[in-house]
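Enquirer: I'd like to ask you about the structure that follows.
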Amino acid sequence: QVQLVESGGGLVQPGGSLRLSCAASGTIARFDVMGWYRQAPGKQRNLVATLTIHGGTNFADSVKDRFTISRDGAKNTVYLQMSSLRPEDTAVYYCNGVSANREYWGQGIQVTVSS
């Protein structure tokens, strides 16, 4: 059984930084795409950033110049470096992985940006 486990969330002040990590456990050859989505209270889950096995990236417009995504393909691990955080970045962040057209999700981790 494949599981994605997020870590690194928490409370940060506006303008601060956080680094989220997501590690996969279980038997899986590789993820073709790994990424992050987020869901704020009362809103739908939206894309934050994705990264393909070939290095292609996709970012939400609201985070393009502030967040970066990277991965360790050999370990099926993906990272989200978040900088210049804003209160509107507050949400539950979910790790996502796609392998052989099957989608996997983490349980989510809270990120709160507040003074």
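Enquirer: Going by amide H atoms built from the backbone, whose H comes under 5 Å of the H on T90, apart from near neighbours?
Expert: V113
Enquirer: Lys and Arg at +1, Asp and Glu at -1: add these up for the other residues within a Cβ distance under 10 Å of S83 and post the number.
Expert: +1
Enquirer: Considering only protein heavy atoms and a probe of 1.4 Å, how much of the accessible area of the chain is carbon and sulfur, as a whole percent?
Expert: With neighbouring chains kept in place, the figure for the chain is 45 percent.
Enquirer: Let's test the formula: R0 of 25 Å, r as the Cβ-Cβ distance of Q3 and I53. What FRET efficiency results, to the nearest 0.05?
Expert: 0.80
Enquirer: A further question follows. If you roll a 1.4 Å probe over the heavy atoms of the protein chains, what accessible area per residue do you get for the chain, in Å²? Could the numbers behind the result be given before it?
Expert: Numbers: 6230 Å² over 115 residues.
Heavy-atom SASA per residue in the chain reads 54 Å².
Enquirer: Calculate, in nm to one decimal, what S17 and T112 gain on full extension: separation in residues at 0.36 nm each, minus their alpha carbon distance.
Expert: Full extension of this stretch gives 33.1 nm more.
The values are calculated or read from the model by the stated rules, or taken from the named source; none is laboratory data. What you see is a predicted model; the values in this text were computed from it and never measured. Glycine gets a Cβ as well: all are built from the backbone with ideal geometry, and neighbour counts include every protein chain shown. Accessible surface areas use protein heavy atoms only, side chains included; no ligands, DNA or RNA. Shrake-Rupley method; radii C 1.70, N 1.55, O 1.52, S 1.80 Å.
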